[in-house]
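Step one of this worksheet: look at the structure below.
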Amino acid sequence: MSSMSNRLLPVLAGAALLAAAAVTVPATAASATTAPAHAASAADCTPTQVVANGGFESGTSPWTGSTAVITNRAGQSAHGGSSFAWLDGRGSTHTDTLAQSVTVPTGCSTATLSFWLHIDTAETTTSVAYDKLTAKIGGTTLATYSNLDARSGYLQKSFDVSSFAGQTVTLSFSGVEDPSLQTSFVVDDVALNTSGGGTTPPPDATRTPASLGYTVNLTSDSTGGSWTGHESATFSNASPTALSEVYLRLWDNYHGSCPSTPITVTNVTGGTAAALTVGCTALKITLPTPLAQGQSGSIGFDLGITVPDGADRFGRDGAFSFIGNALPVLAIRDAAGWHLDPYTNNGESFYSLAADFTVTLDHPSGLLVPATGTSVDTPGAAGRTVTKATAGQVRDFAWAAGPFSRISGTSPAGVKVNVYSVSGISSASAQSMLSTSISAIDAHAQRFGAYPYGEVDAVLDNNFWFGGMEYPGFVLDLVSTTALTHELGHQWFYGIVGDDEYNSPWLDEAFTDYATDLALGSTGSGCWNSVSWASTAEKITDSMAYWDAHSSRYSTVVYDYGKCALHDLQRVLGDTAMTKLLHDYAQSHWYGVSTTAEFKAAAQAATSTDLTSFWTQHRIEG
């Protein structure tokens with residue numbers, strides 16, 4: 001959000017495989033059926049890694065399975081060393097297997113499975129998972145990846161498998177390919193590390209529900225300001241802790257007068273709905289049966305949306321409706337419990353995992369409907385058009401409706417850019433913002449990784465009091481080169497690299513403002529010299545709870561001081577190291593979630609200089 005106040009990857013041929021390993025995980029004192037007679041203590045556990053030849057550098061032993069699944073042949077490269085496991089990649093119907101039996105010591109409270117994964121594909125779809133890789137332990141599915149997850153380089157995947165303590169289980173990577181167009185799943189450096197002792201388990205930090213999919217069908221009135229229809233959500237429990245309920249966030253009910261709300265959810269299926277809480281922005285739905293790790297569930301409900309007056313991120317400016325944060329999305333449970341933070345109009349409260357959206361919008365043909373994702377229009381009933389938008393691995397979905405003017409272009413990197421303007425925006429201004437968008441989207445992509453969504457819509461209205469607002473593949477903005485470059489930068493920081501926007505707003509706003517400076521050629525020279533703190537409690541890393549109580553300082557500290565701190569970090573690390581740090585950090589958190597602690601660790605790993613005093617001086621805590 002701007003502040004007013006202050007895929008196609010290379011097609012690689014190759015053999016396919018499926019990997020599986022039988023694993024015995026250490027018992028803990030809580031495992032009554034398999035634990036030794038005495039209670040485990042820290043002294044009982046010797047931290048160890050129990051997968052043999054997980055890097056595939058010692059031939060095939062002790063792995064068994066399909067021929068030639070472990071390889072160092074041309075066409076792919078290893079994450080480390082020279083060998084790897086290549087799953088699929090044939091472009092024909094195929095499944096392979098690979099297995100290993102390992103023994104894990106007893107007495108450890110923590111067991112973490114990790115592996116590095118690279119995916120490339122010849123598939124051109126952005127919405128259909130034709131080829132799939134499933135990671136399982138025992139009968140529990142840890143994750144499913146597909147051709148839709150293709151990208152350059154490796155990403156590390158890790159899972160808490162402590163709940164399998166004392167069991168002999170099968171760890172499997174199952175690659176299944178359809179009859180045409182190859183997808184290669186390349187696995188390397190598989191490890192299962194154990195550590196810890198005692199009887200108190202660590203907090204369950206796994207973010208859940210996961211594997212999210214939303215299907216929405218809505219019909220508008222004649223103005224595009226009122227929508228009714230149905231939404232359904234599918235999900236799985238990624239956590240070893242049972243999932244007994246889920247929470248929907250109805251964010252835009254902030255704009256109503258609870259209990260009279262602009263977003264209505266009725267006729268809930270798949271669970272039992274409670275009363276609205278948190279200012280009518282949270283709806284608890286108790287599931288019929290708790291979901292164990294890897295199990296899936298779904299809910300559905302009828303949905304009504306009434307857009308209020310006012311040029312807002314959820315609002316109506318004359319004939320133009322802006323519909324951000326209107327679709328209910330599932331809240332996250334992690335080590336802190338359920339995230340049910342209040343709405344803030346000073347910044348953002350939004351914290352969600354990447355999901356797949358299929359949204360069908362039936363509207364009058366006289367209205368244009370820019371939206372998140374890739375849209376296809378088909379004729380509807382007389383005088384109406386049906387816009388179907390699909391978006392994969394996005395954190396939210398937004399759209400607008402109105403008699404917009406539209407111009408389009410394509411960036412040198414192949415991203416389609418559409419600029420929609422309300423009445424009153426000159427054609428020269430629209431053309432200028434199209435040029436800005438094309439330049440910005442490629443500049444950010446060059447620094448942090450290719451823009452993965454294919455298309456982006458910029459919606460212009462100079463009446464926006466907030467300056468600009470970001471959604472995946474969709475931004476609201478004034479006619480402003482700086483503001484629009486900023487909002488498009490959010491496609492990476494908040495969009496692709498997610499964060500808890502309520503508790504760590506600097507992770508998207510400061511990073512995006514820094515990215516904006518880089519895209520516009522500003523070095524931030526000397527900007528840290530103008531820093532002046534209002535109190536000892538004021539920190540760059542403060543949450544929105546603090547900034548809502550000190551709203552006049554929010555922009556100055558989070559945006560300005562935040563980006564200046566990153567410019568200062570660049571001066572400590574050097575230009576080349578800082579460029580590599582941010583690129584690699586984005587890559588390793590692609591479609592994931594960033595935390596302050598993880599960024600600090602990555603920065604420290606990029607330099608031999610002890611950064612402890614740097615974080616203290618710049619008031620970056622966490």
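At a glance:
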quantity	calculated
Hits in the stretch 343-375 - residues which are outside any loop (DSSP other than H, G, I, E, B), within 24 Å of the chain's Cα centre (by Cα) and surrounded by fewer than 23 Cβ atoms within 10 Å (Cβ to Cβ)	ASP356, THR358, THR360, THR374, SER375
Residues of the stretch 424-465 satisfying the condition of being in contact with a helix residue (DSSP H, G or I) (Cβ under 7 Å, 6 or more places away or on another chain), assigned to a loop (DSSP other than H, G, I, E, B) and crowded, with 21+ Cβ neighbours inside 10 Å	TYR451
Residue list for the stretch 326-342, filter: within 24 Å of PRO370 (Cα to Cα) and more than 16 Å from the chain's Cα centre (by Cα)	ALA326, LEU327, PRO328
Condition check for GLY383: more than 27 Å from LEU243 (Cβ to Cβ) and either surrounded by fewer than 22 Cβ atoms within 10 Å (Cβ to Cβ) or in contact with a strand residue (DSSP E or B) (Cβ under 7 Å, 6 or more places away or on another chain) (or both)	yes
Check on THR141, open to solvent by 20 Å² or more (accessible area, probe 1.4 Å), of a type in the set (Val, Ile, Thr) and touching a strand residue (DSSP E or B) at 6+ places or on another chain (Cβ under 8 Å)	yes
Positions within the stretch 136-168 being at pLDDT 90 or above and more than 30 Å from LYS388 (Cα to Cα), in sequence order	LYS136
Counted residues, the stretch 152-168 - those being in a strand (DSSP E or B) and crowded, with 19+ Cβ neighbours inside 10 Å	4
Positions within the stretch 276-306 being open to solvent by 10 Å² or more (accessible area, probe 1.4 Å) and among the β-branched types (Val, Ile, Thr), in sequence order	THR277, VAL278, THR286, THR289, THR306
Criterion violated by VAL216 - all others in (1) open to solvent by 20 Å² or more (accessible area, probe 1.4 Å); (2) in contact with an Asp or Glu (Cβ under 7 Å, 6 or more places away or on another chain); (3) of a type outside the set (Asp, Glu); (4) under 19 Å from ASN325 (Cβ atoms) satisfied	(1)
Among residues of the stretch 93-128, those that are part of a loop (DSSP other than H, G, I, E, B) and open to solvent by less than 40 Å² (accessible area, probe 1.4 Å), counted	9
Selection from the stretch 72-89 of residues that are small (Gly, Ala, Ser), under 27 Å from the mean Cα position of the chain (by Cα) and open to solvent by 30 Å² or more (accessible area, probe 1.4 Å)	SER77
Residue selected from the stretch 414-423 under the condition open to solvent by less than 80 Å² (accessible area, probe 1.4 Å) and part of a loop (DSSP other than H, G, I, E, B), by the criterion farthest from LEU484 (Cα to Cα)	GLY414
Test: ASP252 is in contact with a Gly (Cβ under 9 Å, 6 or more places away or on another chain) and open to solvent by less than 30 Å² (accessible area, probe 1.4 Å)	yes
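The values are calculated or read from the model by the stated rules, or taken from the named source; none is laboratory data. A quick note: this is a predicted structure, and the numbers were derived from the prediction, not measured. Because the Cβ atoms are built from the backbone with ideal geometry, glycine has one as well, and the counts that use them run over all protein chains shown. Each accessible area value is taken on the protein alone, full model and side chains, heavy atoms only, with ligands, DNA and RNA left out. Shrake-Rupley method; radii C 1.70, N 1.55, O 1.52, S 1.80 Å.
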